């Protein structure tokens, strides 16, 4: 149920994001979703790709600083209170969210959110035990959820 996410550290200068994107595109690696956070000096590009090991290798080979983390994708009711419902479960379990972002596609008519937790295994168990649909790699990449 955990998904590998690649974090790419980029200088906040023109062309650096494009270089990373082209490196992946030239290798035929499709971005399933991404998040970009920045400061004045640097940015962190977080990406989900099916071929994460190949992407990690290519990016490192091209001079990028890369880190792989485990994240969790879960369905969220796409209506007022949908996110709050999941956040209530997470708060009651005492779990900490480091960051989160949304996907651009829906799963069974619902939104999909990506979460990075300090304890990924505990989070997956709590969410699953609470009846939340935690999405695995196969469902995510095949969009068959």
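The values are calculated or read from the model by the stated rules, or taken from the named source; none is laboratory data. It should be emphasised that the depicted structure is a prediction, and the values quoted were computed from it without experimental measurement. So basically every Cβ, Gly included, is an ideal-geometry build from the backbone, and we count neighbours across all protein chains shown.
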Handout entry: Extreme residue, nearest to the chain's Cα centre (by Cα), among residues of the range 22-38 that are at pLDDT below 95 and more than 17 Å from residue 98 (Cα to Cα)
Key = 33
Practice task
Being touching a residue at least 24 places away in the same chain (Cβ under 8 Å) and in contact with a helix residue (DSSP H, G or I) (Cβ under 8 Å, 6 or more places away or on another chain) is the filter here, so list the residues in the range 6-33 that pass it.
Solution key: 6, 8, 10, 20, 23, 24, 27, 29, 32
Handout entry: Selection within the range 73-93 - within 20 Å of residue 118 (Cα to Cα) and assigned to a loop (DSSP other than H, G, I, E, B)
Key = 93
Exercise for the section: Kindly establish whether residue 40 is without any contact (Cβ under 8 Å) to a residue 60 or more places away in the chain and surrounded by 14 or more Cβ atoms within 10 Å (Cβ to Cβ). Expected result: no
Problem - Selected residue (only one of 36, 59 is closer than 23 Å to residue 21 by Cα, outside any strand (DSSP E or B) and either in the same structural domain as residue 11 (by TED's automatic domain parsing) or in contact with a helix residue (DSSP H, G or I) (Cβ under 9 Å, 6 or more places away or on another chain) (or both)) - result: 59
Practice task
Can you work out which of the residues in the range 1-21 that are under 18 Å from residue 142 (Cα atoms) and in a strand (DSSP E or B) is modelled with the lowest pLDDT?
Solution key: 2
Handout entry: Any pair with Cβ under 7 angstrom, 6 or more apart, that starts in the range 105-133 at a residue that is without any contact (Cβ under 8 Å) to a residue 24 or more places away in the chain and ends at one that is assigned to a loop (DSSP other than H, G, I, E, B) and surrounded by fewer than 19 Cβ atoms within 10 Å (Cβ to Cβ)
Key = 118/96
Exercise for the section: May I ask you to say which residue of 89, 76 is in the same structural domain as residue 133 (by TED's automatic domain parsing), surrounded by 15 or more Cβ atoms within 10 Å (Cβ to Cβ) and out of contact with any strand residue (DSSP E or B) (no Cβ under 8 Å at 6 or more places or on another chain)? Expected result: 89
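Let's see how each residue does on (1) surrounded by 14 or more Cβ atoms within 10 Å (Cβ to Cβ); (2) part of a loop (DSSP other than H, G, I, E, B); (3) more than 16 Å from the chain's Cα centre (by Cα):
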| residue | (1), (2), (3) |
| --- | --- |
| 53 | no, no, no |
| 71 | yes, no, no |
| 95 | yes, yes, yes |
| 100 | yes, no, no |
